[in-house]
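A quick write-up on the structure given underneath.
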Amino acid sequence: MRAAVVKTPGPAESLEIVDVPDPVPAQGELSIDVEFAGVGFVDTLFRAGVFALPTPFVPGIEVSGRVREVGAGVTGFAVGQPVGALLNDFGRGPRAGGYAEIAVAHASMAVPLPEGADLAGVAGVLVNGVTAWMALHDLARLGVDDDVLVLGASGGLGNTISRLAAVRPARRVIGVVGSEARRASAAEECTDVIVAADLAAAVDELTDGRGVDVVVDPVGGELRTRAFERLAPFGRLLVLGNASGRDPALSGDAVWHGTRQLIGLSLGTVAHLVPEQVQTAISAVVGSTHRGVLREPAPSVVRLEDVAGVHRALENRSAPPKTVLAVGR
């Protein structure tokens, strides 16, 4: 099969399109003839060697396609059935493998899809959608009276979080962007969009000084600290990533005295430990997308051979909200 392989971690040009052996599912797994594979910023980190993954390595942690083969002990899937699957259960080993004509997923990380489902759209929403669902539903326990502050609202994950928070629904969804130029890139479902430099004053004005109930943070850095300081009593800070690469310390006493909660979610680290929650979230996101409740924009579709260009665009922040690779033979 063809696959985009990283033999030695490095720049985008480290991705090589080569022929590799077809993978075979083990017990509890299924193989998928991949039609589309989502591309996300985390894939650029895998490729660059930020995480110590063994090489050669095939990136790609979200795919859609049709069941090719079912491993021992797997039920509920049939050969030829359309499916969507996550490949980021790294607690089971170096999974990934989405940038390939055939991928192997654990059955608990896959869900059947209706015939006629938008396979490109499914591949484009899985990682961000499941992360957003688990963050808002399982961890933040978002309520209709909650005000939500979404950092990085112009990015792919921030866009999905904003849309999902709006349909949960939250009372107010405040998107935070890095500059005035990025304001238009925030999800239209945001009730308000503010620039990061104005965060403290803007939140105080919007909430009459009370603060927000939930902060969702895939950004990190000093912005995380300023957002944490604007949490209302019983507010929850959800840490979903650290795109800034900076991790300033937060005060335990500030958590205590402010009656605030600090919550983390690393899906790739815990997926194998909470398979029922992951599969429930996948089903919820796929179902909401298929029914038009969660209205994600159509992803940009490019050829597998053009994956290096997609990685460059993600790294220089010029990529569209979501890109998927057309992989099918």
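The values are calculated or read from the model by the stated rules, or taken from the named source; none is laboratory data. Nothing here was measured: the structure is a model prediction, and the numbers come from that model. For neighbour counting, all protein chains shown are included, and Cβ atoms are generated from backbone atoms with ideal geometry for every residue, glycine included. For the accessible areas, the whole protein counts, side chains as well, though only heavy atoms, and no ligand, DNA or RNA atoms are used. Shrake-Rupley method; radii C 1.70, N 1.55, O 1.52, S 1.80 Å.
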Given V278, V270, which one is closer than 17 Å to L86 by Cβ, buried (at least 21 other Cβ atoms within 10 Å of the Cβ) and not basic (K, R)?
-> V278
Say whether the condition of being of a type in the set (D, E) and either within 16 Å of the chain's Cα centre (by Cα) or open to solvent by less than 40 Å² (accessible area, probe 1.4 Å) (or both) is met by at least one residue in the stretch 299-314.
-> no
Check off (1) touching a residue at least 40 places away in the same chain (Cβ under 8 Å); (2) more than 25 Å from G152 (Cα to Cα); (3) open to solvent by less than 30 Å² (accessible area, probe 1.4 Å) for S288 and give me the number that stays unchecked.
-> (2)
Could you pull out the residue among S64, S14 that is within 26 Å of N316 (Cα to Cα) and not aliphatic (A, V, I, L, M)?
-> S14
Among the residues of the stretch 47-70, is there at least one that is farther than 22 Å from H311 by Cβ, in contact (Cβ under 8 Å) with a residue 60 or more places away in the chain, in contact with a helix residue (DSSP H, G or I) (Cβ under 6 Å, 6 or more places away or on another chain) and of a type outside the set (A, V, I, L, M, F, W, C)?
-> no
Quick one: is P248 over 16 Å from G121 (Cα atoms), of a type outside the set (G, A, S), open to solvent by 40 Å² or more (accessible area, probe 1.4 Å) and in a strand (DSSP E or B)?
-> no
Of the candidates L151, L119, L142, the one satisfying the condition of being among the hydrophobic types (A, V, I, L, M, F, W, C), closer than 29 Å to D198 by Cα and open to solvent by 10 Å² or more (accessible area, probe 1.4 Å) is L142
Out of G98, G60, G84, G91, report the one residue that is small (G, A, S), under 18 Å from the mean Cα position of the chain (by Cα) and assigned to a strand (DSSP E or B).
-> G84
If we keep only residues of the stretch 180-205 that are touching a residue at least 40 places away in the same chain (Cβ under 8 Å) and either closer than 17 Å to D146 by Cβ or of a type in the set (V, I, T) (or both), then the residue least open to solvent (accessible area, probe 1.4 Å) is V203
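Condition check ((1) over 24 Å from G129 (Cβ atoms); (2) not β-branched (V, I, T)) across all residues:
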| residue | (1), (2) |
| --- | --- |
| P9 | yes, yes |
| A12 | yes, yes |
| V18 | yes, no |
| P23 | yes, yes |
| L30 | no, yes |
| F41 | no, yes |
| R47 | no, yes |
| T55 | yes, no |
How many residues, within the stretch 244-276, are at positive phi and modelled with pLDDT under 90?
-> 1
Across the stretch 155-174, what is the total count of residues that are at pLDDT 90 or above and under 17 Å from the mean Cα position of the chain (by Cα)?
-> 9
